[in-house]
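Scroll down for the structure; my scribbles are underneath it.
We did not get these values from a lab; they are worked out from the coordinates using the rules stated. None of the values given here were measured: they were computed from a predicted structure. All Cβ positions, even for glycine, are placed from backbone atoms using ideal geometry, and neighbour counts span all protein chains on display.
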Amino acid sequence: MSVVRIEQRAAHLAGNVRLQFVHGTEGRTAKGTVTVISNTRFGTGQDRKDVPTAIQWTLWGKLAESAAQYLAKGSHVNIVGHLANNNYKDREGQDVYGFNFVVEEIDYLDTKEQAEARRAAAVPA
């Protein structure tokens, strides 16, 4: 099996981490999903422009719980992960092919004060 490593550097969260708990072979575990956006610069000189890239990432276990607790929409992060197969059979028995981006490491880039302000703004009154 080959692993495709993916990095999103100096990126920010497009929304809050969505956390749920799923039951698997090892019992109940946390699963988080979040969309992360980073800009890639293309071109040179006057033709140079930023092109945003959005990737939906999946986080598992303690990593998911921690991210849901400490990150909010707009948080700045570095993410390193890999591309994983997400193949399954649908209800009619047909093969469905897909992929999933799985977080291995996440660096929180905001200061403590910035992170607290983002989380406070994210909480509905």
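Label-point separation (nm) for TRP60 and ALA14, each offset 7 Å from Cα along Cα-to-Cβ?
Those two pseudo-labels are separated by 2.4 nm.
Straight-line reach only, C-alpha to C-alpha below 23 angstrom: list the lysines that LYS112 could link to, leaving out same-chain residues fewer than 8 apart.
Reachable lysines: LYS62, LYS73.
So what's the net charge close to LYS112: Lys and Arg +1, Asp and Glu -1, counting the other residues with Cβ under 14 Å from its Cβ? Walk me through the numbers before you get to the answer.
Working: positive: ARG118, ARG119; negative: ASP110, GLU113, GLU116.
Value of the local net charge: -1.
State whether segment 62-125 is rounded, prolate or oblate according to the following rule on the C-alpha gyration tensor (a ≥ b ≥ c being the square roots of its eigenvalues): a/c under 1.5 gives rounded; otherwise a/b larger than b/c gives prolate, and the remaining case gives oblate. Mind dumping the intermediate values first?
On the way: a/c = 4.00, a/b = 2.18, b/c = 1.84.
Note, shape of segment 62-125 comes out prolate.
Residue-wise, which Karplus ³J(HN,Hα) couplings in Hz belong to segment 9-23, taking 6.51 cos²θ - 1.76 cosθ + 1.60, θ = phi - 60°, and x for glycine or proline?
9, 6, 9, 9, 6, 7, x, 6, 5, 8, 10, 9, 10, 10, 9
Based on the alpha-carbon gyration tensor of the chain, what equivalent-ellipsoid semi-axes (square roots of 5 times the eigenvalues) come out, in whole Å, largest first?
On the way: eigenvalues 148, 104, 32 Å².
Taking √(5λ) for each eigenvalue gives 27, 23, 13 Å, largest first.
I need the calculated FRET efficiency for the pair THR44 and GLU7, taking r as the beta carbon distance and R₀ as 25 Å, to the nearest 0.05. Mind dumping the intermediate values first?
On the way: r = 23 Å, r/R0 = 0.93.
Once the sixth-power term is evaluated, E becomes 0.60.
Over the alpha-carbon set of segment 7-66, divide Rg by the Kirkwood Rh and report the Rg/Rh ratio to two decimals.
Values: Rg = 16.2 Å, Rh = 13.4 Å.
Rg/Rh: 1.21.
Mind telling me which of ASN87, ASN78, ASN39 comes out most flexible in a GNM of the chain, alpha-carbon contacts under 10 Å?
The residue with the greatest mean-square fluctuation here is ASN87.
How large is the charge dipole for the chain, taken about the Cα centre, if only the Cβ atoms of Lys, Arg (+1) and Asp, Glu (-1) carry charge, to the nearest 20 debye? Spell out each step's value before the answer.
On the way: 15 positive and 14 negative charges, 43 e Å.
So the dipole magnitude of the chain works out to roughly 200 debye.
Using θ = phi - 60° and the Karplus form 6.51 cos²θ - 1.76 cosθ + 1.60, what ³J(HN,Hα) does each residue of segment 108-118 get, whole Hz, x for Gly and Pro?
Karplus-based 3J(HN,Hα) across segment 108-118 equals 8, 9, 6, 6, 4, 5, 4, 5, 5, 5, 5 Hz.
Would you calculate the separation in nanometres between label points at ASN78 and ASP95, each defined as 7 Å from the Cα along the Cα-to-beta-carbon direction?
Result: 3.9 nm between the two label points.
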